[in-house]
Amino acid sequence: MELIRILSTSDEHWPDVVDLYTTSFPERERRNVNTLEIVLTDRRFHAVKFVINNGFAALMFYWQLKNLVFLEHFAVTENNRGKSYGKQIMEWLLMLPAIYFVLEVEHPFDDSSQRRIAFYERLGFSTNHYEYFQPPYRETDDPLPLLLMSKPAIESVETFQALTKELHEVVYDRFMM
């Protein structure tokens, strides 16, 4: 597995990553590309392309913050799903230095969201049952009710509030368009 960190929009790998990003996530759950290009300049943000067997296998956008690693987006290319690449890539992420690993998921309303939650649970993530809303990516959108999963579980509402405050201030509030 080869990891390629993308540091600028002029990187030859950027078009592949943007294409997978825009086709894998609903508009409401992702940044517009212009905003994503601005976010790319923040040193805490990591845009990574994973190459396996000389082919584009996955993208991962994550933030390395003070006490946590926040997985903002993760997508495996369609032809590489079901091959355990997602698990391998997540295991790589979980080796980064952090007190908490945090990600957002949809509530388990359908088979797809239930499978996604089960995937992260198999990796040791817990669903935190505190009320959580993802701030909107666009000023015209409303906050999105999601679940915040973490490894390890967040044991107190005070810790949950501190972590979500940091997430909102660093990841969302500064880059809303």
Original post:
Can you name the number of the only condition in (1) modelled with pLDDT of 95 or more; (2) loosely packed, with under 15 Cβ neighbours inside 10 Å; (3) within 25 Å of residue 128 (Cβ to Cβ) that residue 98 fails?
Top reply: (2)
Original post:
In the stretch 130-162, what residues are part of a loop (DSSP other than H, G, I, E, B), in contact (Cβ under 8 Å) with a residue 24 or more places away in the chain and over 23 Å from residue 67 (Cβ atoms)?
Top reply: 136, 137, 138, 139, 141
Subject >> Entirely in the stretch 1-100, the strands (runs of 3 or more DSSP E) that have 2 or more residues that are in contact (Cβ under 8 Å) with a residue 60 or more places away in the chain >> reply: 68-76
Original post:
Take the residues of the stretch 111-129 that are at pLDDT 95 or above and assigned to a loop (DSSP other than H, G, I, E, B): which is surrounded by the most Cβ atoms within 10 Å (Cβ to Cβ)?
Top reply: 125
Original post:
Of the residues 59, 71, 40, which is of a type in the set (A, V, I, L, M), within 19 Å of residue 136 (Cα to Cα) and touching a helix residue (DSSP H, G or I) at 6+ places or on another chain (Cβ under 8 Å)?
Top reply: 71
**OP:** May I ask you to list the residues in the stretch 13-42 that are farther than 21 Å from residue 83 by Cβ, at pLDDT 95 or above and loosely packed, with under 12 Cβ neighbours inside 10 Å?
**Re:** 15
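The values are calculated or read from the model by the stated rules, or taken from the named source; none is laboratory data. Keep in mind it's a predicted model, so treat the numbers as computed, not measured. Heads up, the Cβs are rebuilt from the backbone with ideal geometry, glycines too, and the neighbour counts pull from every protein chain shown.
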